[in-house]
Each structure stands twice: as structure tokens, then as C-alpha cells.
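Heads up, the thing below is written out as C-alpha cells.
The values are calculated or read from the model by the stated rules, or taken from the named source; none is laboratory data. Please read these numbers as outputs of a predicted model, since none were measured by experiment. Backbone-built Cβ (ideal geometry, glycine too); neighbour counts: all protein chains shown. Note: areas computed on protein heavy atoms with side chains; ligands, DNA, RNA excluded. Shrake-Rupley method; radii C 1.70, N 1.55, O 1.52, S 1.80 Å.
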Amino acid sequence: MAFSNTLSPSSLYKLNPLLFSSHRRHPTVVLSRFHLRIMKPRYVTSDLDINVGCCCCWVSAAVASDNGVFTSPEVAKWDSEGYFKPRFDRGKETFVVSMPPPNVTGSLHMGHAMFVTLEDIMIRYNRMKGRPTLWLPGTDHAGIATQLVVERMLASEGIKRTELGREEFTKRVWEWKEKYGGTITNQIRRLGASCDWTREHFTLDEQLSRAVIEAFIKLHEKGLIYQGSYMVNWSPNLQTAVSDLEVEYSEEPGALYHIKYRVAGGSKSDFLTIATTRPETLFGDTAVAVNPEDERYAKYIGKSAIVPMTFGRHVPIIADKYVDKDFGTGVLKISPGHDHNDYLLARKLGLPILNVMNKDGTLNQVAGLYSGLDRFEARKKLWAELEETGLAVKKEAHTSRVPRSQRGGEQNLFIRNQIFSSRYTNSSSNQIIEPLVSKQWFVTMEPLAEKALEAVKTGELTIMPERFDKIYNHWLSNIKDWCISRQLWWGHRIPVWYIVGKDPEEDYIVARSTDEALKKAQQKYGKNVEIYQDPDVLDTWFSSSLWPFSTLGWPDVSADDFKRFYPTSVLETGHDILFFWVARMVMMGIEFTGTVPFTHVYLHGLIRDSQGRKMSKTLGNVIDPLDTIKEFGTDALRFTLALGTVGQDLNLSTERLTSNKAFTNKLWNAGKFVLQNLPDRSDASAWETLLAHKFDKEEHLLGLPLPEYWVVSKLHILVDAVTTSYDKFFYNDVAREMYDFFWGDFADWYIEASKAHLYQSEDQALASTSQAVLLYVFENILKMLHPFMPFVTEELWQALPNRKEALIVSPWPLTSLPRNLTAIKRFENLQALTRAIRNARAEYSVEPAKRISASIVANTEVIQYISREKDVLALLSRLDMTSIHFTDSPPGDAKQFVHLVAGEGLEAYLPLADLVDISAEVQRLSKRLSKMQTEYDGLLARLSSPKFVEKAPEDVVRGVREKAAEAEEKLNLTKTRLSFLQSTITVPE
């Protein structure tokens, strides 16, 4: 655990001039494991390296930047010691998290960093609590994304997928996966993910593929999987169906086309004008609809309209309340083959369904002369010809909701930089999703959804935050059947075989393998039967929905991992895939295992930029986590991400990262202070005395000096609060509580107070007590911060003497330990007194090195405990130890003192002569007062001028008034201070 570079004494002095001052009397010592020249503790008697304990090299070399600050190591070595595997030696109740499998094509982004941070916090905390923990990692085969990547790679070589054939293409994809597929997992490791990497899975590996086939067969046997021709979202670019949930609608500028539909058998004035954004679909019209309450068109209901450019094809004019009479012209063309709502209406009314489009987005033979044209080219040509024939009424600008897929080339507006939300984003093609009727495989979802709804209702499943219950319930209550087939080559092949020469919709075999399918077919159709497998693959989300139990051995319910670790504990993921993935896992888990796959769902928000905008390449505001790690360190990034509130989006800014990098460095410097002030390892007597101090019982705390009593009490309160927050998944509360205690209480107050005992006291027992408290408090801080900041905490832990095991597996601090509220209140009084004196010194610009006198006035009880900490008060307030007086009454000539009230019953009097040269200060303030009065009079003169007040802009006048009020306040304060100083000057008689 050596650092990558050595810090010079001069750079160390800049980091902490007090600790590394050349005026200290102690000799230096080198800590070989840190490569840092630091000062010896007060009791070191020989130049020996401080032992870092029996555990060695748990973490690779830490990185120190040029300015000597800790960032973080790149690679953790905890895994090689087996610490990431579940251990049953301290407990039996398991804690299991299944990692949301990122795309095998993926590269680390902030969405990954978010889920890795939060899940690793859960795992590390529960591991330290003694629970056997399992964080199960893996990657998703990402059917569309991976196929596109390899197709593009082949295209660069002048090769088409279809030229290779399915078997050879699939082989090429596997080769690509073996070469590049580990990128994302290696990057996740850099974040400190303490997964059991020996259990890593891939959704296309043998075990998971077996689970997918089994799940399909079981659902089919129960009649929950069926095949049919229905409306789906079709990607002409990808040549496959995509899920309803993966279609995003973006507001884009377009046009609304107004077209005449003549009424059959009517005069030239008898026509209906329809308004449509997609005129090319009129070839698929099977009706024209109006609202039955629309009096404008009542006379045409029941008649027929002639579809333009179709050589006189007639369609019925019908009435339906579905039509919005206030939109456009109030007349709707019904194209059931190309619109989801029209499709449902046609099925309700029994209208025929016409498809005018090929799978590649060109028009088919139904479009007549427009056959073979691309849909957008056909739109342009059709409108031109409608204008020529007088059937075009007008074309007007219109903003449309354009459907684009998250999964591939249709999403051209932005790339969402979140986990799973960006799983399938690849190109920037202008292709748009088309609603098409297509033959696909579907899962009947309603019976599955009922059980998933019941799980939340009964409390078997808890969703955090609770407000997402309503969203979950609404979606499952209105769920549609799931189209699970995809027209791809990369993925889980649908386990269905057809009979050559038979109707594929009527005669097919569902089996686990080709051999099993052939046996079944031969039993039914004879030995000479020929079969062929369905060419489609299953939706990637189908295999993902089985993830929590397929990775543990299902369908083998006797597998050790399945029996030990299922159901899992928490599913942590982004709230934007509650439907994509979470709800489907719940449904599949209950269906196949009889229980929910996890008991809690933790939904994190999206990561946005500092202005609250989504991160996108278009805006140029994407923050690369790897670059962030280089600049700020992994620990600082993790701590920043963990500050988000569950379910709320997090605005990520450089300011936050910079602040938390400073927090990391503060922790590092505090560790150096603790290390250099511990006894040398060879001083057995000193260590025996130090380790004899215990803090787990009230009687152990009674004899502690006030600063030690205070900080130990505060620590014990913190442990209880932090443990409760960890248990409730309130990680933002943990972060804030730890930040405030470490920086505000431990670093700013206790470390500074301890120096009085360590450096200025001749009482070795007192010094030993401070050493013991420093070590006790600091090691507990490291424990509680470890889940958030694993690298710096482990590094510091290993540097502490007598470490018997790594921090990652050390026991969590005990709760309900003694604390004393009276001690806390008393030290707070000492703090208030110190602050008052410091503020007075600052107000009078007293040189930092100058020691001043003080009279502390309070009742007997307060004087008793404050006076015992005279050395601490003197150190923290820069008082002259020989001139601190404790009394129950103010000094005689109070005018010669600055009076400070620190709190009720606690005051201080500071000799004015110690703070300032009174005569010189009177002269300075008199000159300053004259100048301030002139400025103030000038402002009043402007405000008293009607010309200025009436004619100047209102904001200018308001600004002058504010300046005048501020000037008056400063003027009065200066007058008061000058008057006070003048009253202290002794006038000779």
C-alpha cells in the first residue's frame, strides 16, 4: 500500500504547517508503507517503521497527485483474498443483491457509477454487520445493440450479415464479445464494486439460456404464451419489433396535411376534409369517422367516402365518440394497419385491416403507383399529386409526437446517459418507429400482473420511495400483453419448431432442444417429418426478467445457491425502468418460484448536470466517470453520488465533487495526524496502557477529560443514528451525518483539543488517554465511512497498528453504547467560549501568534469544569496560560476590557490593551468615520433629490436606498466602537 510518489517535507508543511513545523523538537521518522516523511510521536524512542498490521496489500498502490493529496487506487485487491464471497462464520441471515446487468457493449457512464455506488454501500455495510453477503454481477447480451455493433464492424470490412449466414454471424458476435465484452466489468471494478466475481453471469451463458427455455416452455404449457398477428412497434431500420415501453415520443416540428375525401354519390361540394400528419397511410384507410354529436357531418354518416389516389376505392363514413371534433377538421381517417388507436377501433367495430408498408419502411403493392417508395419520399410525392388534382386543401406547421426507439437507430434527439435507459442507444439515424401489424409471440400478462399487484398490497414487496407504488399499480392494472419475439440473430432463439409443409400457426412443437423437438414431431407426424426452428429470438428483457433466480441456479431449485440466497434482499435500479425490468422480474419470480424475487426495491433517480438538465451529447454536458475519477478520486465520486435522495434526480456539479475531494483529503490528513501521535510499536508498555482504555461502559467514560468524554459521547450517538439510517437505506443522511461529525466535531475540534494533551502536558497518562480516544474514534469513523469511501478508509485502516483483519470484513461498531449529555453540553459551553474569543480576536485583527489574557466569569460549577480544561482553552483560543483567570465576578475596571457573553452564565473579559493599541485605533477609526459619513451624506443627498427619485429607474433607486441603509448600519457600529475605545482612555487629572 505504498504511495506512488514521495512527498517532500516542504509539501507536507503546506498540507499541515502545525503538524510538520520545523520548530517541533521531535526527530523525523519514515513510514515505509506510506513513503511519507512525518514527525515521530512524542513517545517514539527509535527510528522504526510503524507496523501496519498483519494484513498486507489489500489495496493496490494509492495515487497521490502532484499537490500531495490522496485520490484513490485504480484496482482493489480485496477480491483476491476472498472477501467478496459470502461468509457464514458470523451469521446466517443472508443479504443478496443482483446487479442490474449492463450491456455487454456498454462503457461506464454516471448511471453505472450511481448503481455501483449504492449497491456497494448496501453490500459493504451488511458484510461488516456479519451477514453472509452476495452481490451477484453479470452483463446483458443486449440483442439489438450488440448485433448493430458487429454489423457495423462487418460493414467496415465490406461484409453484410446476410452474406455470412446466421451461424457464422453469431460466431463473429461471440468473438467480439470475448474480445470487448469485459470492458464494462473492468470499469465497474475500478469503482470498488465488491461483487463475487467468481459468480459472474452473462445472459447468454449456458445456465441462463437453460432457464430462459424452461421459462418459455412453462408459460406456454399454462397457455400464457401465444402467437398471433397484432399491432406492434416496428423498427424499419433494425427490422424487428420493439417493446411499447422502449418507444419514446419526442416533440418535433412537422406538418398537418388537410385533404379532401369526396362523398360517394354526392356533388362536388360534398366532401370531407381530414387532417393528418401521415398522408402516405391513406392507402390503408378502411373508414372515415366523425363524432356522432358533430352536426356538420351528421348528413354523411352511413354514406361512403372515396379515398384519394386509390382509383375510387370506397370506405364507410362512420360515427364514433372516439373522434375529437375539435381537433383539426373533426374528421378522422381510420388506418388500422398503421395506428394503435385506429387498430383498436377497427377491432371493436369489425373493420378490415390494410397494411400498406413493407418491413423496411417502403410502401407495398397496396399503395399502387407508390409501391416501392420510401414512406417519406411517398409522402412528398403524394402531396404534390394531391395538389395537382385539387384534393389538397392546405399544409400547415404542426408539432408532432414522433415515436423513436430507445433500442437502436431511431433515437436521434439525445442519448440518455443513465443505466438501462441508454442500454440500446447506438446510431443517429433518422428512422422512425412504425406501428405495423405483424406476426409475433406474446405473453398474456394480466394473470401474472394480479399476483405482482398483490405482493405490494400485502407488504411482501416494498418499493422505495413509496410514491412509486401508485405508478407500479397503475401500470400493472392497465398492462398489455408483452410482445416477446424479436427479428434478430443474436439472442435466445425461440424454442419453437415448425413442421415442413404444415401451417405454422397450427402445427408447431415447443421443446428444449432440436433433438427433443424432432422426437415429438416424429411421434405425431411420422419418422420422415422435417422440422425447422422459428428464426426469431426472445426480447432481451425476457431473459433479464429471470435474472434474480436464473443466476442462482433455477430451474434447478435444489442448487445450493438457489436454496441459500433466494429470494434476494434488495433490487436497486433507476426509477425509469420500473416497468421495463422491475415489474417483470416480480411477475416472473412469483410465477416460477412462488415468491417475490426480492423483498425491497430501491429506486434511484437520474443524474443531471449542475443546471438540472439531462446529460446528453447534444448539450455537451455529459460527465465521464473515468475522467472524474482521475481528477477527484473514486471515493469523492462515490460520496457525491450517495448524497442523492432515494427516487430523486441528482444534480452533479464540479463544486460538489471538489468539496468531497477536500473531504477525502481531510480524512487522509487526519489519518496522518493519528498515526504520528500513536506510540511506537516497540513500546510495549505504552501500547498496553493505551489498549487498556475501554469505552463500552459508563464507568469507563467517567474518568475521561472533558474533550474526550464529549467526543466519545458524540461518537456513540452518531453510531446509533448512522446505523439506523443505513438500515433504512437513508444513505444521504448517513453521508451528511458522517461529514458533519468528522469535519465539524472530530477534525475541527477534537484533534485540535487533543494537541494540548499530546504536546503540552507532562502528564503521560493524560496523553495516553488522548491517544486511545484518537484511535478509537478514528477507527470507528473509518468503519462507518468505509461503505461510501472504501479505498481511502481501507488504506488508512491498514496503516494503523495492530490490524488483525482488513477493514472490509471488520465488525461494524456496536450500538447503544454509553454517552453523557451533560459532558456534551459542557464541552459545547467550552466551544462557545472559544468561538467568542476567536471572534473578538478577528474583530480586532489580533495577530494569530499573539497570546492574550482573559478573565473567565461564571458560577462555581462552570468554573470548575472549564478551568480543568485551561490548557485546551488556551490552545484553541490562543490565550496566555499564565494570564487566564477564573472568577465569579467581572474585573474592577470593566471599561478596560472587551466583554464577551459565551452563553448563559459564562462570560469572558479580554483586556483591551492586549487586543489593540487604543490610541492608534481611535485615530484610525476617527478617519474612517469621517470618510464613511461623507459617503453616507452623499447617498442621502441623492435620495432627497426629487429629480433622482422620480426619474431614475426603480431598481437604481432601490439600490441606492439599500446602500444607504447598509452605510448607516456600518456608521453606527463604528461610532459605537469609537465611543467605547474613547471611554477607555484614561484622562489625566
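Some observations on this one:
- Highest mean packing comes first when the peptides 790-797, 936-943 are listed by Cβ atoms within 10 Å, giving 790-797, 936-943.
- Out-of-range pairs (alpha-carbon distance over 32 Å; input Lys177/Lys218; Lys672/Lys825; Lys179/Lys439): Lys179/Lys439
- Each of the peptides 832-841, 542-551 was scored by the mean count of other Cβ atoms within 10 Å over its residues; in descending order, highest first, they stand as 542-551, 832-841.
- The chain - mean residue ellipticity at 222 nm from DSSP helices (-39,500 (n - 2.57) per run, n ≥ 4, rounded to 500): -12500 deg cm²/dmol
- Share antiparallel - DSSP beta bridges, segment 825-916, percent rounded to 5: 65
- Full-stretch length increase - Ala692, Glu935 - with 0.36 nm per residue and alpha-carbon distance subtracted: 80.8 nm
- Cross-link pairs beyond the 21 Å C-alpha cut-off, checked among Lys333/Lys395; Lys927/Lys970; Lys222/Lys348: Lys222/Lys348
- Sorting 132-140, 529-537 by their mean Cβ neighbour count within 10 Å, with the most densely packed peptide first, gives 132-140, 529-537.
- Only protein heavy atoms count here; on that basis, with a 1.4 Å probe, Met153 has an accessible area of about 60 Å².
- Secondary structure note: in the chain, about 70% of the DSSP beta bridges are antiparallel.
- Only aspartates and glutamates eight or more places from Lys697 in sequence, or on another chain, were considered; none has a Cα closer than 13 Å.
- Under 16 Å from the Ser80 label point (7 Å along Cα→beta-carbon), backbone N, segment 179-197: 190, 197
- When a 1.4 Å probe is rolled over the protein heavy atoms, the share of accessible surface on the chain that falls to carbon and sulfur comes to 50 percent.
- Taking every full run of DSSP H in the chain, the ones that stretch at least 24 Å from end to end by Cα along their long axis and average 0.0 or higher on the Kyte-Doolittle scale are 110-128, 706-727, 764-785.
- When both segment 540-597 and segment 934-989 are represented by their alpha-carbon centers, they are found 72 Å apart.
- Residues Arg977 and Thr860, FRET efficiency given R0 of 35 Å [Cβ-Cβ distance, rounded to 0.05]: 0.55
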